[in-house]
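The structure under discussion appears below in the form of structure tokens.
The values are calculated or read from the model by the stated rules, or taken from the named source; none is laboratory data. Note that this is a predicted model, so its numbers are computed, not measured. Surface areas here come from the heavy atoms of the whole protein model, side chains and all, with no ligands, DNA or RNA. Shrake-Rupley method; radii C 1.70, N 1.55, O 1.52, S 1.80 Å.
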Amino acid sequence: MLAHATVLEGRETEVPPGRSQWERAYAAWRLALDDDAGWRLLDGRIRELGDPRLRAVSAAAVREALPRVLLTIHAAEAVRAARVRGGDAAARQHVAVMKGFVRDSTVKAVLAEATAPVASAVRLRIDTAAGPGEAPGVLIRAAGALVDDSEADLRVLRVVLGAKDPVAAGAADAVASAVHVRAVACVNKKAQDESAVGDPDLTAALDRLRAAQRLAASGHVRVPIERDLGVLLANVLMLSCTEAVRNAEAAPRAGVRHADRLLSDAEPRLDELRELRLNAEDYAKVRDTVAAAACQALAGYFNATGDVAPAIAGYRRALTVAVSAEGRSVIQQNIDTLAAAVPSHLPSEWWDGAASATGSCRRCGRREFMPEDGYPYCDICVATGARGGGGGREVSPVAATAGCLVVLAGIVALLVVLLTG
């Protein structure tokens, strides 16, 4: 008892007791529990006292109840440690020491009892959260509050009980499902209006679904969340494509900037969409739509400015996004058309056609934008004349623009099919 009391008093000190001190206290209790003579002595002492208050007390009853009493005190310590951010290791250590003391179902029962108020708090939070009938903004805030306010409780349950424990897993699934329902309800209400790209509620809905996906403990809860997250992510990408095309049509001289922004914003979302295992056909359709929208902005830019180098760089980047043979072919035609439009004016040593041994552009040293045919100059240098010289073909600016417009028709047709298909 003295060893245990010393450990409990040490909890409030600057250096809390470690695992070895807890184990020494339990070792002392184990010696006492296994000492049959000592328990017989206790029975004799109870009889000698003859105290009416002790008539229902026996050494056997005390001996049987003592481990649970000790573990109940320790379970509270495990929960307390788990509530402190960064205290997961300490909490798990407490649980491990408890399991080393008693190797039956007592530890599990005691831990369940200690965490019952935590699980109840999670259930109450879900039951009192705003329901699907509320306005979109209310729903998205309610979903966010469920995530933020429940994470600490879910961590306690996961650390103390174990991630696979039915109570811990059930609580995590309940929060994930509640967040999922509210995020989807918000999006569905927004769908009744014309949602704009960057709508804070749609952006927040994506974040809430990602949080629900992370919290979900069971496959049957996680899979529907991932499905709806994929659908919403694809829709947001489509909205981004529509906005980029509209902006480029309104200001074609800024087309390169709009295409670059679209491709930069789409890249991480396309990676996430791939991880969500979206239907392969739908995933390819989204990628082609992004590429086609970027190409339309780039074509408008070239037709308005005649500036080849940025347009070729943008087309090359869009080519890495496109998936379908039709889409890639159209983009490559634009690249070839623009490259052919550049007048030749450079020395022959810059266009001799020998492949670069280093895989980088012989003129500027770039490795990106290198053509697939082994030519030693990147598309940027091609655009400024490195592919010219005696073997180059001069194309008048008018012819170049016409060629671009013919290819653009294919891009527009592809974009319409993808956006309305």
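For the Cα trace of region 224-279, dividing Rg by the Kirkwood Rh returns an Rg/Rh value of 1.09. Across region 260-271, coupling constants 3J(HN,Hα) worked out from phi with the 6.51/-1.76/1.60 Karplus curve, θ = phi - 60°, read 5, 5, 4, 5, 5, 5, 6, 4, x, 6, 5, 4 Hz, and Gly and Pro carry x. Shape analysis of region 37-157 based on the Cα gyration tensor places the equivalent ellipsoid semi-axes at 45, 18, 9 Å, largest first.
In whole percent, and with a 1.4 Å probe on the protein chains, what portion of the accessible area of region 88-137 is carbon and sulfur? Carbon-and-sulfur percentage of accessible area, whole number: 55. Near the amide H of Ala130, within less than 5 Å, lie no amide hydrogens of residues on another chain or at least 5 residues away, with H placed in the peptide plane. Computed extension length for Ala284-Val62: 73.0 nm, one decimal, from 0.36 nm per residue of separation with the Cα-Cα distance subtracted.
Based on protein heavy atoms only, region 255-312 ends up with 41 Å² per residue of surface accessible to a 1.4 Å probe. Expressed as a whole percent, the proportion of Cα-Cα pairs in region 132-226 lying more than 19 Å apart is 40%.
Legend: translational diffusion of region 81-137 by Stokes-Einstein, Rh = Kirkwood radius over C-alpha pairs, 20 °C, 1.002 mPa s; D = 153 µm²/s.
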